[in-house]
1. For Glu299 and Asp23 in the same chain, what is the full-extension length gain: residue separation times 0.36 nm, less their Cα-Cα distance, in nm?
2. How big is D, in µm² s⁻¹, for the range 103-220 by Stokes-Einstein at 20 °C and 1.002 mPa s if Rh is the Kirkwood radius over C-alpha pairs?
3. Find the relative contact order for the range 302-354 and round it to a whole percent, using C-alpha pairs within less than 8 Å whose residues are 6+ positions apart.
4. For the residue pair Glu157 and Ile76, what label-to-label distance in nm results when each label sits 7 Å from Cα along the Cα-to-beta-carbon direction?
5. Would you please give the residues with an amide H less than 5 Å from that of Thr100, counting only those at least 5 places away or on a separate chain, with H modeled from the backbone geometry?
Amino acid sequence: MGLFDWISGQFIDVIEWTDESNDTMVYRFPRQGNEIKYGAKLTVRESQVAVFVNEGVIADILEPGIYELETKNLPIMTSLQHWDHGFNSPFKAEVYFVNTKRFTNLKWGTKNPIMVRDPEFSMVRLRAFGTYEIRVTDAGQFMREIVGTDNHFTVDEIEQQLKNLILSKFTTVLGESKIPILELASNYEKFSDYVTEHIAPYFGEYGLQLLKVIVENISLPDNVEKALDKRTSREITGNLDDHLKYQTGEAIGNSKGGGGMADMMGMGAGIAMGQEIANSLSKRHEDKTTPPPLPTRDEKLYHIAIDSASEGPYDTRSIKSMIIKGTINKDTLVWSKGMADWDKAENVFGSFFENTPPPLPKKP
């Protein structure tokens, strides 16, 4: 190798990176002590940004395109290196390629059941799992907060942290949504959008965008699911009488013995027994001697003014009793809903005063 070839080998004049993996988020171009030639070609492909780091400090960030590395393309590097006074020689800098594509099908899920409040079950434990999608939107922030000096940063290095972040916020978001547990199964899509909206801001602290959180399943404890199955079975069978007939027939039909005729006989006996139980319950209901409560009447109620204070409301029967006792006289003010203003009792209950006996004579 000649001297000219050796000197040329010390300078990098083409900088590019093609991703051969599906999980690389940041890749540092292998400089290995070589200097970057002034005017070198830099290719930044779609779904990439190039980050220049000068002496440990993030300098210029270049978007997709083809560049000749000169002072006009590297304004921050120019300022740091004082290239504005003239520069045409090789320089040293680290070049990181940050992958800005969408990273999909990342898994999340609860390790242990989480406790949440529910309007129907009060407190309930449940498990949940699904997937989420992210993208790097602020390469500088992502480099400073997460990557550091890692020369080959992959998704699995941050996946656990992001999963923990989702789970730490999921319980709070689920409680704030106030969606009943029984309705979540039919609202997975809407709930997924709700979760994404309320958790996404926390990803911005890492320079990431949370594009979507997909809730694939929310499961209840086994005992709660069994209770729901029983309720569903009962509602499908209809009223209680039919349910008793069905259960009794099913129990007898499943007893020992077999054969088509035996099964039919067992079912018939079961239905008959179920009918007897239903009749017994109905008869017991009919034997009740306690009459039902009297129907309530929509009776008008009145307020009365006693000693400049409003009292009541009282029904007409109470008003009549108070008139007889003398608590209410003709000049006592009364009011009821629908009246424009207070009025004298004499004008409202005139007939009650006509039937009121005079006061008893005083004893000599």
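Each value in this text was obtained by applying a stated rule to the coordinates, not by laboratory testing. Since the structure is predicted, the reported quantities are computational estimates derived from the model, not experimental observations. Cβ: placed from backbone, ideal geometry, glycine included. Neighbour counts: every protein chain shown.
1. This chain segment gains 91.7 nm when fully extended.
2. 142 µm²/s
3. 31 percent.
4. Label-label distance for Glu157 and Ile76, simple model: 1.9 nm.
5. Residues meeting the criterion, in which the H sits 1.01 Å from N, are Gln48, Val49.
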